[in-house]
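Worksheet for the structure shown next.
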Amino acid sequence: MTEKEIVGKLKDYMQRHDLRQWEFAKKIGVPERTLSRWLGRKTKISHAYLRVLEQEGII
């Protein structure tokens, strides 16, 4: 899965569950600024967080 596809899944999850960025960041245990950078594709998502997202059923 590409970074672009992952970001799309994150945005889709947030929309389907009516979550704001800060709410979603809190749910997955990352600072809001980090999530913002992921969504803006300014930084890559680490392998550790990819595993968390997979375990949560988000990606």
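The values are calculated or read from the model by the stated rules, or taken from the named source; none is laboratory data. Keep in mind that this is a model prediction, so the values were computed, not measured. Here the Cβ is made from the backbone with ideal geometry for all residues, glycine too, and neighbour counts use every protein chain on show.
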field: Residue list for segment 24-57, restricted to those being of a type in the set (Gly, Ala, Ser) and in contact (Cβ under 8 Å) with a residue 24 or more places away in the chain
entry: none
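Matching residues to (1) touching a helix residue (DSSP H, G or I) at 6+ places or on another chain (Cβ under 9 Å); (2) under 14 Å from GLY57 (Cβ atoms):
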| site | (1), (2) |
| --- | --- |
| VAL7 | yes, no |
| ASP18 | no, no |
| TRP22 | yes, no |
| LYS27 | no, yes |
| LYS42 | yes, no |
message: Given the condition part of a loop (DSSP other than H, G, I, E, B), of a type outside the set (Ser, Thr, Tyr) and at pLDDT 95 or above, answer yes or no: does some residue in segment 1-14 qualify?
response: no
message: Being within 15 Å of GLU3 (Cα to Cα) and assigned to a loop (DSSP other than H, G, I, E, B) is the filter here; which residues of segment 18-50 pass it?
response: GLY40, ARG41, LYS42, THR43, LYS44, ILE45, SER46
